[in-house]
1. Going through B:Ala338, B:Ala318, B:Ala298 one at a time, which residue ends up being free of Cβ contacts under 8 Å to residues at least 60 places away in the same chain, out of contact with any Phe, Trp or Tyr (no Cβ under 7 Å at 6 or more places or on another chain) and small (Gly, Ala, Ser)?
2. Taking the stated definitions as given, is B:Glu489 touching a Ser or Thr at 6+ places or on another chain (Cβ under 7 Å), of a type outside the set (A, V, I, L, M, F, W, C) and within 30 Å of B:Thr425 (Cα to Cα)?
3. Any residue that is at pLDDT 90 or above and over 32 Å from the mean Cα position of the chain (by Cα) - is there at least one of those in region B:353-363?
4. Need the failing condition index for B:Ile75 against (1) over 26 Å from the mean Cα position of the chain (by Cα); (2) over 20 Å from B:Asp215 (Cβ atoms); (3) at pLDDT below 85, just the number.
5. Can you give me the number of residues within region B:283-312 that are under 13 Å from the mean Cα position of the chain (by Cα) and among the acidic types (Asp, Glu)?
6. Mind listing whichever residues of region C:168-184 are among the small types (Gly, Ala, Ser) and within 7 Å of chain A (Cβ to nearest Cβ)?
7. Quick one: in region C:322-368, which of the residues that are assigned to a loop (DSSP other than H, G, I, E, B), of a type in the set (A, V, I, L, M, F, W, C) and at the interface with chain A (Cβ under 9 Å from one of its Cβ atoms) is farthest from C:Phe286 (Cα to Cα)?
8. For region B:114-148, give me each residue that is among the small types (Gly, Ala, Ser), within 13 Å of another protein chain (Cβ to nearest Cβ), crowded, with 18+ Cβ neighbours inside 10 Å and touching a residue at least 24 places away in the same chain (Cβ under 8 Å).
Amino acid sequence: MRRRIPAKYIPLAATALVLVALYTAGCLSYPNFASPRVAVDLLGDNAFLGVAAIGATFVILSGGIDLSVGSVVAFTSILIASLVGEHGVHPLPAIAIALAVGAALGSAMGCLIHFYRLPPFLVTLAGMFFARGMGFVVREQSLGIKHAFYVEDIIQNLAIPVSRQVSIPFTAVCFVVVFVAGLYVAHYTRFGRTVYAIGGDEQSARLMGLPIGRTKILIYTCAGLFSALAGVVRTFYMQSGDPASCVGLELDAIAAVVIGGTLLSGRVGFVAGTGMGVLILGLIQTIINFQGNLNTWWTKIVVGLLVLVFILLQNVVAAASGRSGKGG
Amino acid sequence: MPMEEAGQSVLLEMRGIGKRFPGVQALDAVDFTVRRGQVHALIGENGAGKSTLIKTLTGAYRRDTGTIHLDGRPIDPRTPKDAETLGISTVYQEVNLIPHLSVAENICLGRQPTRFGAIRWRAIARRAVEALARLELELDVSRQLSSCSIAIQQMVAIARALDISAKLLILDEPTSSLDEKEVAELFSVVRRLRDQGLGIVFITHFLDQVYDVSDRVTVLRDGRLVGEYETAGLPRVELVSRMIGKEITQVEAARPDRLPGAAGGAREAFAEVRGLGRKGSIAPIDMTFTPGEAVGLAGLLGSGRTETARLLFGIDRAETGEVRVGGRKVALTSPRRAIRLGFGFTPEDRRVEGIIPNLSVRENIVLALQAGRGIWRPLSRKRQAEIAQQFIRALGIKTPSAEQVAANLSGGNQQKVLLARWLATQPKLLILDEPTRGIDVGAKAEIENLVGRLCAEGMAILFISSELEEVVRTCQRVVVLRDRAKVDELVGPRIDEQAIMHTIAGHDHAA
Amino acid sequence: MPRDRSWHLESDWLSKLVWPVAALVLLLLFNWLFTPGFFQVEVRCAHLRVPLAEALTTRTVVSHLAEHPGEILTDVHLYGTLIDILNHGAKVMLLALGMTLVIATGGVDLSVGAVMAIAGAVAAQLIHAAGVPFPVVIAAALGISLAAGAWNGMLVGLLRIQPIVATLILMVAGRGVAQLIADGQIITFTDERLVYVGNGHLLGLPFPVAIVAVALAATVVLTRKTAVGLFIESVGDNETATRYSGVNARVVKFMAYVFSGLCAGFAGLVAASNIKCADSNHAGLFLELDAILAVVVGGTALTGGRFYLLGSVAGALLIQALTTTMYMRDVSPDIAPVPKALVIVAVCLLQSETFRKKAAALVGRRPA
């Protein structure tokens, strides 16, 4: 039997190709690039973006958009920092509270979007403003987290040693765990398949008897939860909370999702792709750091162009497969 | 061969179904019965109530009056899921499945087998293969649905219905996008399912197909039941007359007053169409348009009339044939090209393709004229108002003022606004698709007279209508379509309603 | 023939204007009651500092100006919170003009903030280059903004990419381009002509306000005195029917995006001039969202169709008034987004048919 890559996997293959190509280019160009430290840092530094992007993937798959990601990450980070540092709450319940708040915000947005048919763009825009402002209500300045749980457990005890100099930070572990969970939900749960169905053709999905309303609200609740989780991961990473941080993170998340092969109109997409997209973004930044004389604004230009290339690629693939199917 | 009726039990019984929408009684005391092991066709022209009846069955609408019994028990489906659970499955014309998911997943979506909450993909594939096997269909179930042809997609939809253990299968205009071979395959599947004991409702407007596959046929008209007949025993002409509502014997043999075409001798054709066609839309068709002549396009719903108009106006690209205007070959690649050649088009679906709802009557009327002038030669407000008033008067558009928002006008007046839009551009060929639908009697006469006046002034007109009386009255030449192909062209003295109906019906179907 | 009551139906735009203006009035009322000094306007010229009321009723200012007529044009300054609102709101008002047309075609332009940064960077670089005449500096900045708009217009019109995605690309890459132009620096400048753009005064009002006035007038003329306005509204309301009527929808959309780019260029010049430097990281940050909010509040539907330029300007003023009110009340500007969020939700709900129906049903159920 002749083996062909089904058309729908082409963008994913392209993403993988770009990832491998970038990494290879980096290894060939710079002496220390191929070291374990670089790989580990890649995972650890981009972990919070990765968690947020995976949540964003579900929203975008369903045909929606979430602009509140960055603000919720910042908000939960300062919330945790404040609870721990100013109110003496142990980190674990603080984290639980932060996750609950994120989920609640997402749920509120989902209800507005579903029950009143408000456009996701505007509702999540409001969410973004709200969360950003609330972050500053909690505390105006950033705050370090000095609790033992953070200083000892997270940094030392929960890191996985790989060699004498290098150990995998807990944030990287979180990223991997969330990534696997995302893959599972997307491909092995009815909820995940319903998300794909809604993004594919909401009208048909309704006629097929799928629980549209419940799923939509759940999607945004999850998005809020994932954003909050990203905020938690960021506190692990930065050992602090900062209400002014992560401005524009939602754009990076969306870029990662698009580069990962998901259409911004929904219906086609891959959690695996988003994971790779995050790594690609991280690699670009790493390469630019290694280069030394290139300035970081090149990251933005390259990312923008990459997004354009992938969108055009998706359009081409869509046009090609569309011609063989429905027609006349 | 259809089964004996006495031996088949009643599966579905709908009695006295009524449904009212604001301003219109969509269904009025309709009865509908389907037996096990039977294919029952449901037909009727536009507005007959077919889709409303089915929607009360599938849970999309709630009936106002009447009862529905399935297998002897009363049911009241409120949502599509209810209907599904009861064993009523529908396969729609637009194949309501998810195009980017696989065949297998579409069949099992919403009911995927799971173990501890995790979906079992192998089980899904197995189930899909089994469901398709019931239709004697073998297919790579991991393929993306959209990579399959529409015919296969419909089979998948049917397979899904079976997987849900449907007792009653409703096929809503399933053959509109299929070619002959695919239709035959679909029908063999339908017959197989019937023989397995399913009850099948087949909604269509293709006469040949009604005779091909159905055992019984129910005709609706204007929301009322006209009758239920055994298909084999009903001559085609009688079926057509039941649908249209004219007793074939009662139609006057004498022709009503026909509007004269333009006076004068033979004129040079403005546009010649040879072999224009597109797969799934219309078989290659020939037509000629002469200034001062109104050409009618007659046929039942779904016979390809609108499709022909869309090809002419450049909305759809033709795959075969050519069009000559003024002797020169032209490529009708877009509406703008057609308009530049002097064409105009009032679409059938005025809400979706015609009226700009939130703009005023004035703006709607001057739009095409302004488009022709471009951006930098705007019509002054005063001039726009003048033009609008001129047409409001000429066509009798009922509106408090020219600034009234178009969406607030009645359907008939919206139609007049559309007419005004094109008349303002003074086209050489005006294509009117169902121009008098939804218009009161007085206004209809006005429009017919208008057509006559326009012809007298030298315009060529393509007049598409399901009302034969109208076609006969206004046209000097009638092209008759059936099942997406031209069957005949009637000229002059041969044009009368009887002749058209006979032409549409074709030969009687041998049982 | 019924009497022509077109004036009554024309007030459609008036009725849309009601919401933002009413909200604005409420806000001003609140300030009048609770914020001392909010409504004070002072006239300053040379050494004089005279409250507006006094300036209008006495001869202090008038006689001074009669003696120094040369000062009238640019050296008379009006000061006060109200003037600040107009001044600071100028950028969003400019963006909102372009955004209105884009949204009216059924699209959106997320890149205007980035284009502002690009325009500022170009101007700041060129003003330092020797031998470049001032008009060329301005023309270059605006020219590149036009090009950015054309880029968006090409992606949306020609390649048929979804507007959110298409403009997202420039939103992300644009700041990179701006930094490239600025060599990664924050470029300061002191050229008084460029400084005048954002800080000068014309006939008493801050110059940015004058720019807005001219831009508004130009936009009104462009859309109402040519067929562009009709085509834009038509395309946004029912693109299919519009195409069938012979309008080139692609060109219309293209023009809307080009115009949006141009507006962003003007706003970028004002922004850079305001702080006397081009900061590619922060110029126009998130102003596109304020602009979209202003347009929606002003009555133009996000799905496209009829647009209301005055409404968008009023919406921008409302947003700025909100921000200024909070500032005057000593609320940290960082917290200001919270009330903005509530305003967005409130406006969306009011515009949502589903909400109005449910609310009406709820009210109807209350016992009489």
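The values are calculated or read from the model by the stated rules, or taken from the named source; none is laboratory data. The structure displayed is predicted, hence computed values, not measured ones. So basically every Cβ, Gly included, is an ideal-geometry build from the backbone, and we count neighbours across all protein chains shown.
1. Details: B:Ala338 fails: out of contact with any Phe, Trp or Tyr (no Cβ under 7 Å at 6 or more places or on another chain); B:Ala298 fails: free of Cβ contacts under 8 Å to residues at least 60 places away in the same chain.
After ruling out the rest, the residue left standing is B:Ala318.
2. On the way: touching a Ser or Thr at 6+ places or on another chain (Cβ under 7 Å): no; of a type outside the set (A, V, I, L, M, F, W, C): yes; within 30 Å of B:Thr425 (Cα to Cα): yes.
So B:Glu489 fails the test.
3. Initial filter on region B:353-363 (at pLDDT 90 or above): B:354-363.
Subset that is over 32 Å from the mean Cα position of the chain (by Cα): none.
No, there is no match, as no residue in region B:353-363 is at pLDDT 90 or above and over 32 Å from the mean Cα position of the chain (by Cα).
4. Evaluating B:Ile75 over (1) over 26 Å from the mean Cα position of the chain (by Cα); (2) over 20 Å from B:Asp215 (Cβ atoms); (3) at pLDDT below 85 leaves (3) as the failure.
5. So the count comes out to 1.
6. Step one: filter region C:168-184 for residues among the small types (Gly, Ala, Ser), giving C:173-174, C:176, C:178, C:182, C:184.
Within region C:168-184, C:Ala173, C:Gly176, C:Gly184 meet the criteria.
7. First pass over region C:322-368, keeping only residues assigned to a loop (DSSP other than H, G, I, E, B): C:329-336, C:352, C:366-368.
Now drop any that are not of a type in the set (A, V, I, L, M, F, W, C), which leaves C:331, C:335-336, C:368.
Subset that is at the interface with chain A (Cβ under 9 Å from one of its Cβ atoms): C:335-336.
Details: C:Ile335: 15, C:Ala336: 13 Å.
Top of the filtered list is C:Ile335.
8. Taking region B:114-148 first, the residues among the small types (Gly, Ala, Ser) are B:117-118, B:123, B:125, B:128, B:131, B:133, B:142, B:146-147.
Those still in the list that are within 13 Å of another protein chain (Cβ to nearest Cβ) too: B:117-118, B:123, B:142, B:146-147.
Next, from what is left, pick out any that are crowded, with 18+ Cβ neighbours inside 10 Å: B:146-147.
Once the filter is applied, which keeps residues that are among the small types (Gly, Ala, Ser), within 13 Å of another protein chain (Cβ to nearest Cβ), crowded, with 18+ Cβ neighbours inside 10 Å and touching a residue at least 24 places away in the same chain (Cβ under 8 Å), region B:114-148 yields only B:Ser146.
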